[in-house]
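Undergrad: Encoded as structure tokens, here's the structure I'll be asking about.
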Amino acid sequence: MGNVPVILMCVGATKAGTTWVHDQLSAHPDCYLRTIKEYHYFSTFEPAHWDKKIAETETEIAALESTAVLTAYETRRLDDLRSFLPVILPRTVDPAAFGAYLRAAPAGTKLVGDFTPVYSIMQGKFLQPIKAMGGALKVIYLMRDPLSRLWSHIRMSAARTSPNTFDAACAAMLQNVIAGQEGGGIRGIVRRGDYAVNLPKLQRIFGESLMVMFTEDLFTKSGFNRLLAFLGAAPASADFEKRVHEGRAVPMPAALRAGALRFLRPQYDFVAKRFADVPQAWQDAMAEMTTAPTTHKVLI
């Protein structure tokens, strides 16, 4: 492909380290990642959604343009938004146009990308256009210990929707997950961690272009450099102590832990059957499980 940068699509999972990867790669000399992390380009379908995306982009551009003195980051952000606006104004997905936007990078850039976790739960027909961007494509999907990922996602959602009753809201949301309820955002939380549904779909669509990593392995020198090798980037150091969007801390209610593990058992079983070595955190959770029947209902 000559000097044309590879496009990286980081498609999830939500709360599995995608922002951390974006931050580390942003500092890598082989990579050029714009100030927009999640484009949601391939997940925008309805006219109203395009209108909202365009309005938000134009509003931010206007705000930056009215700022007397811009920081270096704000200057980059303004340039990124200005060049992204023509890509979304047609209000339709154009993979070639989006690919050209991502690849408009400084000379010598080897890797550009889009980090939108919601892509992992989309239907296959909406993922297929990603392959039409042209040039080389790499896709990564991160899998974090299901129980840790679920609790982190619940805490993020509760902090947004119920900040004044945070602890109680977290417990109620977990109880609703265990009970198989789908309202109040529960369906989305569960689907974003449904490896048993999402992973086979991604493997079918992207084949050898897809790399699957455990989040726990990613936060090691060898794991991070294995990711860089897959992406065609030079080995580099990373800030393994940095945590991004960690959210408000609250212990998981002990009375709900066993139920949550039973609910998630299909995820542990699915991954354990397909990967020879799972991280210690996964093994510990699997050892803790009881033989009680599963309550999990796979969401399509």
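Undergrad: Residues to consider are Arg187, Arg204; find the one that is more than 17 Å from Phe275 (Cβ to Cβ), not assigned by TED's automatic domain parsing to the domain that holds His22 and not hydrophobic (A, V, I, L, M, F, W, C).
TA: Sole residue among the options that is more than 17 Å from Phe275 (Cβ to Cβ), not assigned by TED's automatic domain parsing to the domain that holds His22 and not hydrophobic (A, V, I, L, M, F, W, C): Arg187.
Undergrad: Which members of the stretch 115-126 meet the condition of being of a type outside the set (Ser, Thr, Tyr) and out of contact with any His (no Cβ under 9 Å at 6 or more places or on another chain)?
TA: Pro117, Ile121, Met122, Gln123, Gly124, Lys125, Phe126
Undergrad: Here's a follow-up. Scan the stretch 54-106 for residues that are among the small types (Gly, Ala, Ser), more than 20 Å from Pro29 (Cα to Cα) and surrounded by 15 or more Cβ atoms within 10 Å (Cβ to Cβ) and jot them down.
TA: If the condition is that a residue be among the small types (Gly, Ala, Ser), more than 20 Å from Pro29 (Cα to Cα) and surrounded by 15 or more Cβ atoms within 10 Å (Cβ to Cβ), then Ala97, Gly99 are the ones that fit.
Undergrad: What about Val197, is it surrounded by 14 or more Cβ atoms within 10 Å (Cβ to Cβ), β-branched (Val, Ile, Thr), touching a residue at least 12 places away in the same chain (Cβ under 8 Å) and over 30 Å from Ile130 (Cα atoms)?
TA: For Val197, the condition - surrounded by 14 or more Cβ atoms within 10 Å (Cβ to Cβ), β-branched (Val, Ile, Thr), touching a residue at least 12 places away in the same chain (Cβ under 8 Å) and over 30 Å from Ile130 (Cα atoms) - is not met.
Undergrad: Would you please name the residue that is nearest to Gly207 (Cα to Cα), looking only at residues in the stretch 115-142 that are of a type in the set (S, T, N, Q) and either touching a Ser or Thr at 6+ places or on another chain (Cβ under 7 Å) or without any contact (Cβ under 8 Å) to a residue 12 or more places away in the chain (or both)? Quick ask: steps written out before the conclusion?
TA: First, pick out the residues of the stretch 115-142 that are of a type in the set (S, T, N, Q): 116, 120, 123, 128.
Now narrow it down to the ones that are either touching a Ser or Thr at 6+ places or on another chain (Cβ under 7 Å) or without any contact (Cβ under 8 Å) to a residue 12 or more places away in the chain (or both): 116, 123.
Details: Thr116: 19, Gln123: 16 Å.
Among them, the one singled out is Gln123.
Undergrad: Run Gly185 past the list (1) surrounded by 15 or more Cβ atoms within 10 Å (Cβ to Cβ); (2) over 18 Å from the mean Cα position of the chain (by Cα); (3) free of Cβ contacts under 8 Å to residues at least 60 places away in the same chain and report the number of the one that doesn't hold.
TA: All conditions are met except number (2).
Undergrad: Return yes or no: is Leu174 in the same structural domain as Ile130 (by TED's automatic domain parsing) and either free of Cβ contacts under 8 Å to residues at least 60 places away in the same chain or in a helix (DSSP H, G or I) (or both)?
TA: In short, no.
Undergrad: For the stretch 199-250, how many residues are assigned to a loop (DSSP other than H, G, I, E, B) and of a type in the set (A, V, I, L, M)?
TA: Number of matching residues: 7.
Undergrad: Another question about this same structure. Got a number for residues in the stretch 254-276 being in a loop (DSSP other than H, G, I, E, B) and at pLDDT 95 or above?
TA: Result for the stretch 254-276: 1.
Undergrad: Restricting to the stretch 1-40, count the residues that are under 21 Å from Ala104 (Cβ atoms) and under 14 Å from the mean Cα position of the chain (by Cα).
TA: If we filter the stretch 1-40 for residues that are under 21 Å from Ala104 (Cβ atoms), which is where we start, we get 1-10, 22, 25-40.
Still in the running and under 14 Å from the mean Cα position of the chain (by Cα): 8-10, 22, 36-40.
Number of matching residues: 9.
Undergrad: One residue is enough: does the stretch 28-44 have a residue meeting the conditions touching a residue at least 24 places away in the same chain (Cβ under 8 Å) and in a helix (DSSP H, G or I)?
TA: No: zero hits.
Undergrad: Taking the stretch 210-225, which residues are surrounded by fewer than 16 Cβ atoms within 10 Å (Cβ to Cβ) and touching a residue at least 12 places away in the same chain (Cβ under 8 Å)?
TA: Thr220, Lys221
The values are calculated or read from the model by the stated rules, or taken from the named source; none is laboratory data. This structure is a prediction, so every number in the text was calculated from the model and none was measured. Glycine also receives a Cβ, built like all others from the backbone with ideal geometry; neighbour counts cover every protein chain displayed.
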